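> One structure, pasted below without further comment.
The values are calculated or read from the model by the stated rules, or taken from the named source; none is laboratory data. What you see is a predicted model, and the numbers here were worked out from it, not measured in a lab. Every residue, glycine among them, receives a Cβ derived from its backbone with ideal geometry; neighbour counts consider all protein chains shown. Keep in mind that these areas ignore ligands, DNA and RNA; they rest on the heavy atoms of the full protein, side chains included. Shrake-Rupley method; radii C 1.70, N 1.55, O 1.52, S 1.80 Å.
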Amino acid sequence: MESWLNRFFNDAVRRKFGSGWLSGLLSIVLGILAISAVLALHFPALLTVPELRDRYPLDLVRLAIDGGILLGMVLAAVSMALRRRKVLGLTGLLLAAIALGLGAGGVEIGRSEGSAIYLGLDWFVLGVLTTAAVFVPLERAFPLRKEQGSFRRSWLTDTQYFFMSHALVQLMSVLVLLPVVSLSEFIAIDSLQSWISATPLILQFAACVVLADISQYWVHRAFHRIPLLWRFHKVHHSVEKMDWLAGSRLHLVDVIVTRGIVLLPLMAAGFDERAIFAYLAFVSVHAVFIHANFAPSMLWLEGWLVTPRYHHWHHANEPQAVDTNFAVHVPLLDRVFGTQFFPDERWPKSYGIDGVRAPDGYLTQLVWPFAKTKSNN
């Protein structure tokens, strides 16, 4: 399926500004987001996150949906006018028509009881708007690899990961938080919690980042060194083209174990919920940033905070870089524990796992660690 879609969207026509490629692509993105938002209006109990459901300014949401549909239609028309092959524009126009047919922003929200099970379709829309809207322009303005387009190999697989990580927000929260909350109450130290609760929020946030990275450093290292865990973590390292979507490729087992071990000390130590939420917001953006196809080296920051060049070496398919740079936020941890590899002002030549190519598709990769292959033995 993925190879077919790549052929469908990729053609030999130039993609620079004025070619109709960008306008066609944006019309498709706006169409998908508009359909998702309209469906969320139709079925809020099933397709929206309860914590966000009552916080939306509905008048602005409706206006944004209608405006997105209109803009998508305009961009589709521009693409068809500029581009000999009309597939991008026609696809964007079709998606806009579907959103209109579903009722657009005028959908009435009926009264319905909350559902015990829900999908975070609204969280997916917000994720795209706040993440892709920032990192796609950055990657196009300052690309490390200029020849790498948005529809690089396995882009659809990583898009599926991005969607599932947002849509399955309830499932992931339950699997992570239920054991963490129970364990944190069991190991909590009252005196430590009292001391931390009296600390200013900004210091609590900084401590959360450092403490979380210490936990993540060791669980990350374990996922590389323990064969059973590597089966799941290799899914993440199977990415062969780095960009803002690449960080989404994480096996469900990897996500649950890592997030649980990272959150446990934060909750047991008694950090203010606001500090933990601030950390979670920071890591959600920083994780995208360090995988981005973003060229500036930022030498002034590299010694203090993990940057794209630093983390790209962790994904490098080069012998010297294997099992290095485990820190996700604080590079000092790798220096202290002797796992840093960071050659001056040089980037990796290639990424992925030597001799291993992952199958395409979220579901296929979900079962890949359980398959009997040479790479799993």
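> Could you work out, for region 48-147, what percent of all Cα-Cα pairs fall into each 5 Å distance bin, beginning at 0 Å and stopping at the bin that holds the largest distance?
Pairs per bin, as whole percents: 2, 10, 13, 18, 20, 16, 10, 7, 3, 1, 0.
> For region 33-72 and region 289-314, write down the distance between their C-alpha centroids in whole Å.
35
> Then there's this: Name the aspartates and glutamates eligible as straight-distance cross-link partners of LYS234: C-alpha to C-alpha under 15 Å, and not fewer than 8 places from it in the same chain.
ASP158, ASP254, ASP323, ASP354, ASP360
> Using a/c under 1.5 as the rounded threshold, could you call region 216-317 rounded, prolate or oblate? The axes a ≥ b ≥ c are square roots of the C-alpha gyration tensor eigenvalues, and prolate needs a/b larger than b/c, oblate otherwise.
Oblate shape, in that a/c is at least 1.5 and b/c is the bigger or equal ratio.
> Quick one: length gained pulling LEU211 to ALA198 fully straight, 0.36 nm per residue minus the C-alpha distance?
Here the answer is 2.9 nm.
> Something else: Could I have the simple spin-label model distance between LEU52 and PHE337, label points 7 Å from Cα toward Cβ, reported in nm to one decimal?
With each label placed 7 Å out from Cα toward Cβ, I get 3.3 nm.
> Answer rounded, prolate or oblate for region 116-170, using the Cα gyration tensor with square roots of eigenvalues a ≥ b ≥ c: rounded when a/c is under 1.5, else prolate when a/b is larger than b/c, else oblate.
oblate
> Report the rotationally averaged projected area of region 88-233 based on its alpha-carbon convex hull, in square nanometres.
Result: 15.6 nm².
> Of TYR56, ALA316, PHE342, which is farthest along the charge dipole of the chain in the positive direction, counting Lys and Arg as +1 and Asp and Glu as -1 at C-beta?
Going by the Cα projections, it comes out as ALA316.
> Here are some values of log10 I(q)/I(0) by the Debye sum over Cα atoms at q = 0.11, 0.12, 0.14 Å⁻¹: [x] -0.88, -0.97, -1.14; [y] -0.73, -0.87, -1.21; [z] -0.89, -1.05, -1.36. Which one was computed from this structure?
From the options [x] -0.88, -0.97, -1.14; [y] -0.73, -0.87, -1.21; [z] -0.89, -1.05, -1.36, the structure gives [z].
> Quick one: net charge of ALA281's neighbours, Cβ under 15 Å, K/R +1, D/E -1?
Net local charge, ALA281 excluded: -1.
> Something else: If you count, for each residue, the other Cβ atoms within 10 Å and average over each peptide, how do 297-303, 319-325 line up from highest to lowest?
My ranking of the peptides, most packed first, is 319-325, 297-303.
> Now for a separate question. Normalised by the residues of region 17-83, what does the relative contact order come to in percent, with Cα pairs under 8 Å and at least six apart?
67
> Another question, if that's okay. Can you give me the % of accessible surface on the chain that is carbon or sulfur? Probe 1.4 Å, all protein chains present, nothing else counted.
The value for the chain is 68 percent carbon and sulfur by accessible area.
> If you don't mind, another one. Where in the chain are the DSSP H helices whose C-alpha atoms run 30 Å or more along the long axis and whose mean Kyte hydropathy is at least -1.0?
21-42, 58-82, 201-225
> Specify the inter-centroid distance of region 116-149 and region 242-269, based on alpha-carbon positions, in whole Å.
19
> Solvent-accessible area of SER182, probe 1.4 Å, all protein chains present, reported in Å² to the nearest ten, please.
70
> Can you classify region 242-377 as rounded, prolate or oblate using the Cα gyration tensor, where a ≥ b ≥ c are the square roots of its eigenvalues, rounded means a/c under 1.5, and otherwise it's prolate if a/b beats b/c and oblate if not?
Cα axes put region 242-377 in the oblate bin.
> Just the accessible area per residue of the chain, please: how many Å² with a 1.4 Å probe?
Per residue, the chain has 51 Å² of solvent-accessible surface.
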